[in-house]
1. Within the range 67-86, does at least one residue satisfy the condition of being assigned to a helix (DSSP H, G or I), among the basic types (Lys, Arg), loosely packed, with under 10 Cβ neighbours inside 10 Å and at pLDDT 75 or above?
2. For the range 52-66, how many residues meet the condition of being assigned to a helix (DSSP H, G or I) and surrounded by 10 or more Cβ atoms within 10 Å (Cβ to Cβ)?
3. Restricting the first residue to the range 10-21 and requiring it to be at pLDDT 65 or above, which pairs with a second residue that is part of a loop (DSSP other than H, G, I, E, B) meet a Cβ separation below 7 Å and a spacing of at least six or different chains?
4. Determine, yes or no, whether VAL49 is surrounded by 10 or more Cβ atoms within 10 Å (Cβ to Cβ), assigned to a helix (DSSP H, G or I) and at pLDDT 95 or above.
5. How do the pairs read when you match residues in the range 32-51 that are without any contact (Cβ under 8 Å) to a residue 12 or more places away in the chain and of a type outside the set (A, V, I, L, M, F, W, C) with residues anywhere that are part of a helix (DSSP H, G or I) and surrounded by 10 or more Cβ atoms within 10 Å (Cβ to Cβ), using Cβ under 6 Å and keeping only pairs 6 or more apart or on different chains?
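The values are calculated or read from the model by the stated rules, or taken from the named source; none is laboratory data. Everything numeric in this text was worked out from a predicted model, so none of it was measured. Positions of Cβ are generated from backbone atoms using ideal geometry, with glycine treated the same way; all protein chains shown enter the neighbour counts.
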Amino acid sequence: MCAELVWSPSGVPECRRPRGSGRRWEAGTDADPMITTSVRLPKSLLGWVRRSAATQHVRPSVLIRQWIEQHRDAAEAEGTGDLAARVERLERVVFRDTRAS
């Protein structure tokens with residue numbers, strides 16, 4: 001695609017500026033824009049995600065994003081708990097790791 005099409009002296013159209021070239025983030029755009037990524041999933045897991053999304057009337061990508069956001073929010077909430085709970089979580093991790101060695 002071409003953003004600026006010009007005609008050469010010989011009458012042949014030339015693309016002076018390909019579409020998308022030199023684009024920059026504009027001021028005032030979303031502070032947290034959506035970025036596309038890909039995840040490799042087993043076929044059976046993707047089927048389950050698609051069925052789950054269909055029952056909620058959303059696209060699979062929306063459902064996966066919701067799950068990731070929920071997990072992030074829960075992890076952040078867990079990290080802001082009281083000191084005793086944080087120490088208990090640390091002890092579980094440390095002692096589990098030392099028993100495995």
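1. no
2. Residues meeting the conditions: 10.
3. Qualifying pairs under 7 Å: GLU14/SER8.
4. The answer is yes for VAL49.
5. Close Cβ pairs satisfying both conditions: ARG50/PRO60.
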